[in-house]
1. How many Å² of accessible area per residue for the stretch 272-319, probe 1.4 Å?
2. Given a 1.4 Å probe and every protein chain left where it sits, what share in percent of the accessible area of the stretch 225-309 is carbon and sulfur?
3. Rounded, prolate or oblate: which fits the stretch 225-309, taking a ≥ b ≥ c as square roots of the Cα gyration tensor eigenvalues, rounded meaning a/c under 1.5, else prolate when a/b beats b/c?
4. So how exposed is GLU100, as accessible area in Å² (1.4 Å probe, rounded to 10)?
5. Could you grab the relative contact order for the stretch 91-166? Cα pairs under 8 Å, six or more apart, rounded to a whole percent.
6. Would you kindly derive the ³J(HN,Hα) couplings of the stretch 538-547 from the backbone phi angles with the Karplus curve 6.51 cos²θ - 1.76 cosθ + 1.60 (θ = phi - 60°), listing them in order in whole Hz, with x for Gly and Pro?
7. In 5 Å bins starting at 0, how do the alpha-carbon pair distances of the stretch 460-610 split up by percent?
8. Cα atoms only: what Rg and Dmax, in Å, come out for the stretch 92-219?
Amino acid sequence: MKSNIRISYIKLAIFLLIFVSVAKVNAGGFQRNLPSVDEVFSDTQPRGEQRVKDISQRRIHTKSEVNTLDKTSSKIQNKKYETKQTPETSYKVVQYTFKEINLLKEDMVLRGISPAYDFYIPLYNNLVRANINLKLTIPTYLRKDSSVSILVDDVPQYTITMQNSGQPINLEIRPRRGRDFIKVSIRGNLRLSNNICEDVFSDKPYLIIHADSTVTFSYKPAEDIRTFLMDYERQFCIEDRELLPLVYYISKVRAILPVFNWGISDNCQKIIKMSKDNTKLEGNTLYVNKLLLEAIQYGYEPFIFGKSIQVEQAKKRKTPKYKEFSLKELGIKTATIKGMSNISFHIPFNLASFGGIPDTLYFRLNFAHTPAHQKDKMELRVYLNDTLIKTLPLESHGTKGIDIKIPSQELSYGHNSLVVNLVNFTSSDNCFGAVAQSVLTVFDNSYFYWNSVNKRVKTIADFFKMINGRVGLRIEDNKLLPLAVRILNMLPEVNKSIGTVEFIEKEDENYDYILSFVKPDSNKGLFEVYDPVEKRVVFSAKYELPFVYLVLKDLSTPELKVSLYGNPDVPALAHMYSIEDYLNLYGNVAVISESYFASFEIGDKLRLRYERERGIGYYWMKYRLLIIILLSIPVLYLLMHTYRKLTRRTV
C-alpha cells in the first residue's frame, strides 16, 4: 500500500515538473540564441561561406516598393526579409529583368532531353544580397519523372517536377568575398517515353527561360571610387566632351550596362572633370582628372580604389597583333559535357577581337570523349552559325586533336558561333532502360589561327560589329554630343574589342577605325547623296523634317560620319533607338528621325573575295568543251599522220 502511494507521489511530482517547464517555454516564446537581422547583414559577420536559400515563401519587391524602400523606415520593418532602417546602415534596392541586364535578349527555348543554361550574377563590393525570381516553362505532356534542377555554383538548390511546374522559383544569394560573379545553372532531365532513341531526336521536349525573370539587388551606397564605377546604379551623367572615352570603357567593364546621359541632373551618378585636383568621390559625384581618365582607358582600372587618388603617370602599353587566340584567351575554360546520345559544346567568338575578317581561318580542336557501346556508332559534327562544316567518325576514345578549316563565306561580321556536337547512334538494343551517358571534354588550349585580316566593312551595321583596336574620335559639331555619348554607351553590348578611344589631333595618325560627328559637307541647305564610284552628287533635296544621317566612308581606314540636317531633337533621338536598331542598318547611308529609320546602299557594295576549294570536277564541268577540243587536236593530228603513212604509195 505504502509503495503504491509513493509511486503515485513520484508520478505527480514528475507531472508538475513537466507542466512548469512547458509553461516557462510558452512564456518565453522559445527564446534561442539567434542572430538579429542587423547582425545578419553586418560587415562583421563572416562571409566566407556562400549562403543560398530557397525563399519561395517570401515576396520580392515591386518597382514601386523598391523606389520607396530606403525612404520609409516603417515600411521596411513590414518587409519579411528587409533589415531595419538604422542610422548606421541604409540599403538601396533595385530590380532588373534578365533582358535589362543582358542575361537574355528574349525568351530562350532550349530543346532536347538534357537542356542546360548557365548565367552569372555580378557580386560587387557593396552587395548585401540578391534575389532571383526565375520563370521557367516546361510542357505538361512530359513523363511524370521529368525534372529541372537549379544549381548555384554547381550545388543543387531547387528542383522542379511535373507536379510543381509553373510555380516561380525564388533564390536568395549572398555575396562571397573575393568573388566577382556567382554561377547559376539550369539543368533539365526531360523524357517523353521509355524509348531514349526517340526522345533524343524529338523536338517535343523543351524548356523556356523567360526574359522577364528578375534579379533584385539590395546594396549599400557607394563609399569609394571603385564601388562608384562598379555599382548596381545605372544612371550616369556627364557634360564634358573629354569624358567620352570614359563612357565606352565604363560600359565595357561593367556587368550591368550603365545608361549615360549628356547633361548634369540630380537623379544620376555624376562624373565631372577637374583640371589639376586629385580624383575624389563626394556623395554621388566623382571628380576626375586627365591622368585618371588615361589610367582607366589604358587598362589600369583595378588600381583605382579608395575615396581619393592622385595618379602620377599612366602610360599606354603596346598591343601586340595576334594571329591566334586560344579558348582560354577568349574567356572559355575547359568544359566537360555529359548527356545521352546527342551533346553539344558552344564556342562563341567575335571577329572584332581578331582585328577583322581573317583571310583563311582554322580552328585546332583538342578534345576527349568516352567510347561508344559495342553496337553503337559515334560521330563528331562541327557547326558554324548552324551550318555543318565538318564531320568525323569516332572509332576509339581518349584525347584527340583535329584542325578544322572555317569557311570564310559562312562567317558573319561580329559575333559567330562554333558548335562541337557529339552524336551517339544508339542501337535498338540500348534504347530502353538505363542508358549510359556520353561524355565530351573540350580543352581550353584549343585555338583559332590565321594569317592576315581584312578591316574593311560594307555596311553601317558591320561597322558597329567590327570596330576594334585604336579608334579615332572626331567631334566637330557639339549638337551631336548626346548622340556620341549614346553610341559609345551602347557599343559594348555587341562589341568590346575597342582598345582605346582617342580624340583625333593629327590627320596622319594611324587609326584602325574612325568615328566622326561633323557638320554637313554642304552649306546650301541641301541633303546631298554622293556616289563614291561615279564621284559625283547623284541626289539632292530639301526637307521639312529634320534628321540625323550616317555615312560610311570606303577608305583604307573605315570611317563612319554622323551629321545633322536641320535642327532635330538630338537628345530625344539618341535614346529613341537601341543598338539592335543600328545593327539593322544594312546600307552605307542611313537616315534617323523621330518617325523614320532606314538605310540605303549608294554605289557598288564592298564585297569580300572568298577563295574556294576547286577540284578537278569543278574545272571539268566549267571548261569541258574547251578541254575536249584541245584534247581532240593532237588525236586528230595523230590519226591524220597515221592515215598518210598507211596510204603513201611506193615509187
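1. Each residue of the stretch 272-319 exposes 65 Å² on average to a 1.4 Å probe.
2. The nonpolar share, carbon plus sulfur, comes to 49 percent.
3. Working: a/c = 1.28, a/b = 1.12, b/c = 1.15.
Rounded, since a/c falls under 1.5.
4. For GLU100, the solvent-accessible surface is approximately 70 Å².
5. That works out to 19 percent.
6. Residue by residue, the stretch 538-547 yields 9, 7, 8, 6, 10, 10, 7, 7, x, 7 Hz.
7. Computed distribution, short to long bins: 2, 8, 18, 23, 22, 16, 8, 2, 0.
8. 15.7, 52
The values are calculated or read from the model by the stated rules, or taken from the named source; none is laboratory data. These numbers were taken from a predicted model, which means no experiment stands behind them. All Cβ positions, even for glycine, are placed from backbone atoms using ideal geometry, and neighbour counts span all protein chains on display. Keep in mind that these areas ignore ligands, DNA and RNA; they rest on the heavy atoms of the full protein, side chains included. Shrake-Rupley method; radii C 1.70, N 1.55, O 1.52, S 1.80 Å.
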